[in-house]
Structures are given as structure tokens and as C-alpha cells.
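One structure below.
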Amino acid sequence: MSASAPAAEGEGTPTQPASEKEPEMPGPREESEEEEDEDDEEEEEEEKEKSLIVEGKREKKKVERLTMQVSSLQREPFTIAQGKGQKLCEIERIHFFLSKKKTDELRNLHKLLYNRPGTVSSLKKNVGQFSGFPFEKGSVQYKKKEEMLKKFRNAMLKSICEVLDLERSGVNSELVKRILNFLMHPKPSGKPPKKTAKREKPKQKATSKSKKSVKSANVKKADSSTTKKNQNSSKKESESEDSSDDEPLIKKLKKPPTDEELKETIKKLLASANLEEVTMKQICKKVYENYPTYDLTERKDFIKTTVKELIS
């Protein structure tokens, strides 16, 4: 009986290898060790986050250094490059228009020329020293200037054309092209120079003896000049009467107003208008209404300049 017992046990309950044994359940000590490992991992993650925050602060310091470098570049001395054309201050008509403009009216032109608005003390001087862009037509810099000009309103573009002695008519694209072509190579337009006030010569003082002779000479000159003027005026009146009498009546009625007539009309309108409220457009409209049978749109520039002269 004792010899057959082990065999029966081997047949009924087969033995399993060590690798195929079921996993043992962890005891309470092992569970506490696992919890401690998880706590350690969480602490490590918190430390990493803190280190990232600290690194972020260090990166902000780098940005501050970059801004300091940019500000130092902006403080570089202002220089005017030599262009291929003539300086604007050396062109007589442009020099005249620059002197008539206020500083605020030239800020956009200064920004176009030098990429900065300029200061009150040196703005007009800098514009006058400009002699052309140093880059070529069609380059990247040229396209940037073109994009800058396209953002200006037509009124500002026409004001720039007035300063540069350019034609002011046309749409936005035409004005932009006209201004850029001129600024690449500035040169005089060929128009006659603007008239400036002439200085009078100092009069010589007459002695006690020469005063009488001067008076007598002046009287003689005055008499002779008056007689000549009367003769000339009578001749002109007779000639004008003869020539006008020969013209048909319909032709007389169709003659447009002269510059002097327009100037007198503008004087009367300005005298009765409130200059603090009236606009240039309203004045032009009233001038047109005074001459309803004529188309005065082509003489709009003359009307505007006359208004400005009379106001100043």
C-alpha cells in the first residue's frame, strides 16, 4: 500500500513547472512601496514644471536684449544718400513751393523720402537736400515705396505733386507712377520761374540846391507822361472800339471771363463769406454759378491759387 501511493498521487495531481505558476498577490508592504514610487514620480514632474517656468523667465530676458538692440539701431545718425538727379532746393520752382508749404504738410513727403516723419527744425531742409532714390526702378525698395504711396489719399498725392511741380490730374495709380518716376531722377519741369517780390533800390537824398531841380524835372516828366498816356489810351480805345465793332454780337457774348474778372469775382465772394466755415469747393462752385454759360473746370487751378493768394 505504501509503494503504490506515490504513483497514484502523480497520476491524479500533475505537477506544474515553476515558470507557469500563478502570480502571487502583493502584500501590504509592497503596496506601500508602490505608493511611495508614485509620489516620487509626481514630485519629479512638479520639479520639471518649475524648471520650465524658470527657463521661460530666462527667455524673456533674451527678448529684452533684442529690443535693446533694435532701439540702438534706430538711434543711428541720419544720412542723406546722393541720388542721380538734382537737389530739390536747387530747382527754383520746387524751392518756391517748399517755402510756401507748412511743416505739417510735408511730413508724408519726408516719410516717403527717408522712411521717417522728420523733425520740425530739419524737415524742410532734408526734403530740399533730396536728389533721387539710390535704388533702381523695379527693385524691392522701389516696390515698397510704391505700396506706401498707394496707401495715401488722392488729396495727399496731389499735394505732393504740387510741391514737386508735377501735373496733379489723374487717378491714384497715375499719380503714384508720376511721383515715383520724378523722385528716381529729379529735374526741373522747364516751366517759367515763379515771380518773387523785387527789392527796391535805395533812394538818394537830395541836397538844398538839388531839391528844386528834382521837383521841376519831376513836374516835366509827369506832364509828358500824362500826355503820352492820354494819347496811348485814346488810341487803344479807338482801336478796340473799331475792332470790337467789326465782330459779330454772338461772338462777343461767347467770350469767357478773363483772369482779372475772375479775380474780382473771387474778391467779392471772399469779402462776403465766413472764412472759418466756407470751403474751397464752395468758393469754386459760387464762381461757376457767376458764369453759368461757360465751362470753367479747366481754370479750377487758377481759381484755387487766387483764393490762396487773397487769403494769405
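The values are calculated or read from the model by the stated rules, or taken from the named source; none is laboratory data. Predicted model only: the values in this text are computed from it and were never measured. Reconstructed Cβ throughout: ideal geometry from the backbone, glycine too, with neighbour counts over all protein chains shown. SASA here: full protein model, heavy atoms, side chains in, ligands and nucleic acids out. Shrake-Rupley method; radii C 1.70, N 1.55, O 1.52, S 1.80 Å.
Results, tabulated for the structure shown:
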{"quantity": "K285 accessible area, assembled protein chains, probe 1.4 Å, Å²", "calculated": "130 Å²"}
{"quantity": "Karplus-derived HN-Hα couplings along the range 77-82 (A = 6.51, B = -1.76, C = 1.60, θ = phi - 60°), whole Hz, x at Gly and Pro", "calculated": "x, 7, 10, 10, 6, 6"}
{"quantity": "Karplus-derived HN-Hα couplings along the range 126-134 (A = 6.51, B = -1.76, C = 1.60, θ = phi - 60°), whole Hz, x at Gly and Pro", "calculated": "5, 4, x, 7, 5, 10, x, 6, x"}
{"quantity": "Relative counts (whole %) of C-alpha pair distances in the range 266-312, using bins that are 5 Å wide", "calculated": "4, 21, 37, 25, 11, 3, 0"}
{"quantity": "Relative contact order, percent, the range 255-312 [alpha-carbon distance under 8 Å, six or more residues apart]", "calculated": "44 percent"}
{"quantity": "Solvent-accessible surface (1.4 angstrom probe) belonging to K100, in square angstrom, nearest 10", "calculated": "140 Å²"}
{"quantity": "Restricting the range 128-160 to GluC sites (Glu not before Pro) in coil, as DSSP defines it, with at most 16 other Cβ within 10 Å", "calculated": "E136"}
{"quantity": "Net charge of Cβ neighbours under 14 Å - reference Y142; Lys, Arg +1; Asp, Glu -1", "calculated": "+4"}
{"quantity": "Difference of contour (0.36 nm per residue) and Cα-Cα distance, E92 to E276", "calculated": "62.9 nm"}
{"quantity": "Accessible area, probe 1.4 Å, largest first, for residues M184, M280", "calculated": "M280, M184"}
{"quantity": "Heavy atoms of R107: accessible area, 1.4 Å probe, square angstrom to 10", "calculated": "70 Å²"}
{"quantity": "K111-T293 pseudo-label distance in nm [points 7 Å out on the Cα-to-Cβ vector]", "calculated": "5.0 nm"}
{"quantity": "Inter-label distance for K304 and I80, nm, one decimal - labels placed 7 Å from Cα along Cα-to-Cβ", "calculated": "2.7 nm"}
{"quantity": "Set K87/K300; K84/K111; K101/K191 screened for pairs whose C-alpha atoms are more than 22 Å apart", "calculated": "K87/K300"}
{"quantity": "Net lengthening on full extension, M156/K263 (0.36 nm per residue, minus Cα-Cα)", "calculated": "35.9 nm"}
{"quantity": "Mean separation of Cα contacts under 8 Å, 6 or more apart, over the residue count of the range 74-142: relative contact order %", "calculated": "45 percent"}
